[in-house]
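Visitor: What follows is a single structure, and I will ask about it in a moment.
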Amino acid sequence: MYQYQAEIVKVVDGDTYEIDIDLGLSVWVRGERIRLYGVNTPEVYGVKHDSEEYLAGKAASDFVKSIMKKGTLAIVETLKDSKGKYGRYLAVMYVQIAPEVLDGYSNIRSIGDYYCINDLLIAKELAEPYFL
């Protein structure tokens, strides 16, 4: 598993993000799309806007957008060449999260004061576990 520092560029939906990745030695990969590994949020694209799936997907996306703004720093863990069927890297992502957001959730992995968004989405029932 590889670990990188990253910066959020855009939240695409609840489980897909565009990020800039710091590879070290002043080398960056800009605008890389990643998908959370082991997590599936309901869709917001290609579904009717009054459907339950859309509303659930929008709730997941809105939650993520509330804690991951453009410029938010993150730690990203990924396997080399671990891309999903749409060519996005599959990753476990850690971000700094306000303590009140974490209240009542004790099984969230962390690296220092960065908490795993993959785990939090599942714990808050905004996503389901998903493994290919």
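Coordinate-derived values only; no laboratory data. Predicted model, so just to flag it, every value in this text is computed and none were measured. Every residue, glycine among them, receives a Cβ derived from its backbone with ideal geometry; neighbour counts consider all protein chains shown.
Visitor: Please tell me which of these pairs span more than 21 angstrom C-alpha to C-alpha: Lys69/Lys124; Lys10/Lys58; Lys48/Lys70; Lys10/Lys48?
Guide: Beyond 21 Å: Lys48/Lys70; Lys10/Lys48.
Visitor: Suppose R0 equals 22 Å; then what is the FRET efficiency for Asp62 and Phe131 from their Cβ-Cβ distance, rounded to the nearest 0.05?
Guide: 0.30
Visitor: What ranking do Met1, Met68, Met93 get, fewest neighbouring Cβ atoms within 10 angstrom at the top?
Guide: Ranked by crowding around the Cβ, least crowded first: Met1, Met68, Met93.
Visitor: Let me know the longest stretch in the chain that avoids all chymotrypsin sites (Phe, Trp or Tyr not before Pro) found in a DSSP loop with at most 16 other C-beta atoms within 10 Å.
Guide: The longest uninterrupted stretch comes out as 1-44.
Visitor: Whole-Å semi-axes of the stretch 3-132's equivalent ellipsoid, largest first, each the root of 5 times a Cα gyration tensor eigenvalue?
Guide: 22, 18, 14
Visitor: Something else: In the stretch 1-98, which trypsin sites (Lys or Arg not before Pro) fall in coil by DSSP and have 15 or fewer other Cβ atoms within 10 Å?
Guide: Taking the stretch 1-98 and a limit of 15 other Cβ atoms within 10 Å, the loop trypsin sites (Lys or Arg not before Pro) found are Lys48, Lys69, Lys70, Lys85.
Visitor: Between Gln5 and Glu53, with labels modelled 7 Å along Cα→Cβ, what's the label distance in nm to one decimal, could you check?
Guide: 4.0
Visitor: From the phi of every residue in the stretch 104-112, what ³J(HN,Hα) in whole Hz does the Karplus formula 6.51 cos²θ - 1.76 cosθ + 1.60 yield, where θ is phi - 60° and glycine or proline is x?
Guide: x, 10, 9, 9, 9, 4, 9, 10, x
Visitor: Relative to the Cα centre, what is the charge dipole magnitude of the chain, using +1 at the beta carbon of each Lys and Arg, -1 at the beta carbon of each Asp and Glu, and rounding to the nearest 20 debye?
Guide: 420
Visitor: Using a cut-off of 13 Å between beta-carbons, work out the net charge of the residues near Val47 (Lys and Arg +1, Asp and Glu -1, Val47 not included).
Guide: That works out to -3.
Visitor: I want to make sure I understand the PRE zone here: with the label point 7 angstrom from the Cα of Glu18 toward its beta carbon, which residues in the stretch 54-98 have backbone N atoms less than 14 Å away?
Guide: 70-71
Visitor: What list of ³J(HN,Hα) values in whole Hz, one per residue of the stretch 9-14 in order, does the Karplus curve 6.51 cos²θ - 1.76 cosθ + 1.60 (θ = phi - 60°) give from phi, with Gly and Pro shown as x?
Guide: With the stated coefficients, the stretch 9-14 comes to 9, 7, 8, 7, 7, x Hz.
Visitor: Rounding to the nearest 10 and keeping the result within 0 to 90°, find how far the Cα-based axis of helix 52-67 lies from the longest principal axis of the chain.
Guide: 40
Visitor: Please tell me the relative contact order of the chain in percent, rounded to the nearest whole number, where contacts are Cα pairs under 8 Å and at least six residues apart.
Guide: Answer for the chain is 27 percent.
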